[in-house]
Amino acid sequence: MRRKLAAGNWKMNGTRQDLAEVAALAAAHPAADCEVLLCPPATLIAAMAERAAGTAVMVGGQDCHAAASGAHTGDIAAAMLKEAGASHVILGHSERRADHGETDTEVRAKAEAAHAAGLVAVICLGETEAQRDAGETLAVIGRQLAGSLPATASGADTVIAYEPVWAIGTGRTPTLQQIAEVHDFLRLSLRTHCGDEAGAEAFRLLYGGSVKPSNAAAIFAVANVDGALVGGASLKAADFGAIVAALDAAG
Ligand code: 13P
């Protein structure tokens, strides 16, 4: 059985005063059935990890560099995230692919660095609206998966997040059928990656893009959806807690 995962991506939001949300979330879900992960800006990782210690909340980064150290001003190595208290790192988010021109090859190198440092990589994939309109969704997802996933990646060290670019921060979501189509395709593609069904079944597949308390239960009822990667609605414990509760209820 795959353990469900509710992951929050705070993006470039949050200062120390927002760390109060961690205690509120932990208090609302002292022993959530699913895993709960918050990925704050790098400046808050260490302080958030301190607050989250002893609770069911895990902490992650939003990016890491592929190299272990060196002359890379402004970047952060995977081992540094780990030392700061992170257990996971989001990689290849569409905002990084768009804002920083990250390629599949770079995302794979970052995932390999994350694995070497003992972090779980949350690798993001997703089509643009133009690609969906052109009927290219599965081709794009297949290409991103094949290019971004390290050869040795397994369900133990890697989570895949399907985030349609046009659904991020827009309030728009794909139909449940569209989500199912992509998640079924991802599961099938992972069989090729793993060479066996058991390996493919071990990966958690998250949906991301305008997930909120009001639509979470319906999305979590879709086959092969093992949780969510949540942006805006993860900033407040009341909203994110409701999403965690919906995931727990989905069983
Ligand atoms: P929103 O939930 O704000 O649409 O963001 C989704 C996302 O990009 C999470 O990584």
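The values are calculated or read from the model by the stated rules, or taken from the named source; none is laboratory data. Remember, it's a predicted structure, so these values are computed and weren't measured experimentally. Note: areas computed on protein heavy atoms with side chains; ligands, DNA, RNA excluded. Shrake-Rupley method; radii C 1.70, N 1.55, O 1.52, S 1.80 Å.
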request  = Divide by every residue of the chain the summed helix terms, -39500 (n - 2.57) for each DSSP H run of at least 4, and state the resulting mean residue ellipticity at 222 nm, rounded to the nearest 500 deg cm²/dmol.
outcome  = -12000 deg cm²/dmol
query = Normalised by the number of residues in the chain, what is the relative contact order in percent for Cα pairs under 8 Å and 6+ residues apart?
reply = 22 percent
remark   = Ordering 73, 128, 15 by the accessible surface of their heavy atoms, 1.4 Å probe, largest first, yields 73, 15, 128
ask   = How large is ³J(HN,Hα) for each residue in region 228-240, as worked out from phi by the Karplus curve 6.51 cos²θ - 1.76 cosθ + 1.60 (θ = phi - 60°), to whole Hz, x for Gly and Pro?
value = 9, 10, 10, x, x, 6, 8, 6, 10, 4, 4, 6, 5
query = With every protein chain present, what is the per residue accessible area of region 12-142 (1.4 Å probe, Å²)?
reply = 46 Å²
task = Using amide H atoms built 1.01 Å from N in the peptide plane, name the residues 5+ places from residue 161, or on other chains, whose amide H lies under 5 Å from its own.
result = 123, 124, 125, 206
key: Rounded D (µm²/s) - region 182-238, Kirkwood Rh over Cα pairs, Stokes-Einstein at 10 °C, 1.306 mPa s   = 128 µm²/s
task = Give the accessible area for residue 179 in Å² (nearest 10); use a 1.4 Å probe, count only protein heavy atoms, and leave out ligands, DNA and RNA.
result = 0 Å²
query = Carbon and sulfur atoms: what percent of the 1.4 Å accessible area of region 57-113 do they account for?
reply = 52 percent
task = Calculate what fraction, in whole %, of the accessible area of region 130-251 sits on carbon and sulfur atoms when a 1.4 Å probe is rolled over the protein chains.
result = 56 percent
query = In what sequence, largest accessible area first, do 168, 141 appear using a 1.4 Å probe?
reply = 168, 141
ask   = Among the aspartates and glutamates, which fall within straight-line cross-link reach of residue 236, defined as a Cα-Cα distance under 14 Å, with same-chain neighbours fewer than 8 residues apart omitted?
value = 18, 21
ask   = Cα-based Rg of the chain per 2.2 N^0.38 Å, rounded to two decimals?
value = 0.93
